[in-house]
Amino acid sequence: MENGAIPSGQDMPPSGGFKPFRYERRLPKRGPNGLTLFGICGGIMAYGWYRIYLALDERRELDREKMWSRIYLTPVLIAETDRDEYRRRHAAVERERVIMKDVPGWVPGQSVYNGKRYAPDTIANIPLHQQPGAKKE
């Protein structure tokens, strides 16, 4: 007891020791384990790939149907174009006949080329609002 200090005793455990207490984590098991989750995700992805395969199969069939419909429609479209070209050609010859009626020796519809090779007329179907000289609104 030096310097007038109060004697102090060391704090000690009670005789027989402290009661045991829980210190580890005892959490309840929640949800499936990792392998189960992995299997579920794999199953979902497999089903998705299966659906993609079915959709690609259907798309392939639709593309094939579109191709064959175009093949079958080609003669009809060519015939329609030929009829339109024939109608336009006759209308152009009639316009030429009216415009050039006073020119002697002019034969309407005769080719301006000297060769015997067929050269189809270039007919451009231009809408009225896009033709040269059209008034802008």
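The values are calculated or read from the model by the stated rules, or taken from the named source; none is laboratory data. Bear in mind the structure is a predicted one, so any value in this text is a computation, not a measurement. Cβ: placed from backbone, ideal geometry, glycine included. Neighbour counts: every protein chain shown. Ligands, DNA and RNA are stripped out before the accessible areas are found, and what is left, the full protein with its side chains, is counted by its heavy atoms. Shrake-Rupley method; radii C 1.70, N 1.55, O 1.52, S 1.80 Å.
For Ala79, the criteria (1) open to solvent by less than 90 Å² (accessible area, probe 1.4 Å); (2) at pLDDT 95 or above hold in every case but one, which is (2). Exactly one residue out of Glu85, Glu65 is surrounded by 10 or more Cβ atoms within 10 Å (Cβ to Cβ) and touching a residue at least 12 places away in the same chain (Cβ under 8 Å): that is Glu85. Of the residues in segment 68-76, not one is open to solvent by 90 Å² or more (accessible area, probe 1.4 Å) and part of a loop (DSSP other than H, G, I, E, B). You will find that of Ile71, Ile99, Ile78, the residue that is under 26 Å from the mean Cα position of the chain (by Cα) and free of Cβ contacts under 8 Å to residues at least 24 places away in the same chain is Ile71 and no other. Out of the residues in segment 17-60 meeting the condition of being modelled with pLDDT of 90 or more and of a type in the set (Ser, Thr, Tyr), tell me which one is least open to solvent (accessible area, probe 1.4 Å). Looking at the filtered set, the residue picked out is Thr36.
Can you tell me which residue in segment 85-108 is nearest to Pro120 (Cα to Cα), limited to those that are assigned to a helix (DSSP H, G or I) and among the small types (Gly, Ala, Ser)? Among them, the one singled out is Ala92.
Can you confirm whether segment 109-123 contains a residue that is part of a helix (DSSP H, G or I), of a type outside the set (Gly, Ala, Ser) and surrounded by 10 or more Cβ atoms within 10 Å (Cβ to Cβ)? No, segment 109-123 contains no residue that is part of a helix (DSSP H, G or I), of a type outside the set (Gly, Ala, Ser) and surrounded by 10 or more Cβ atoms within 10 Å (Cβ to Cβ).
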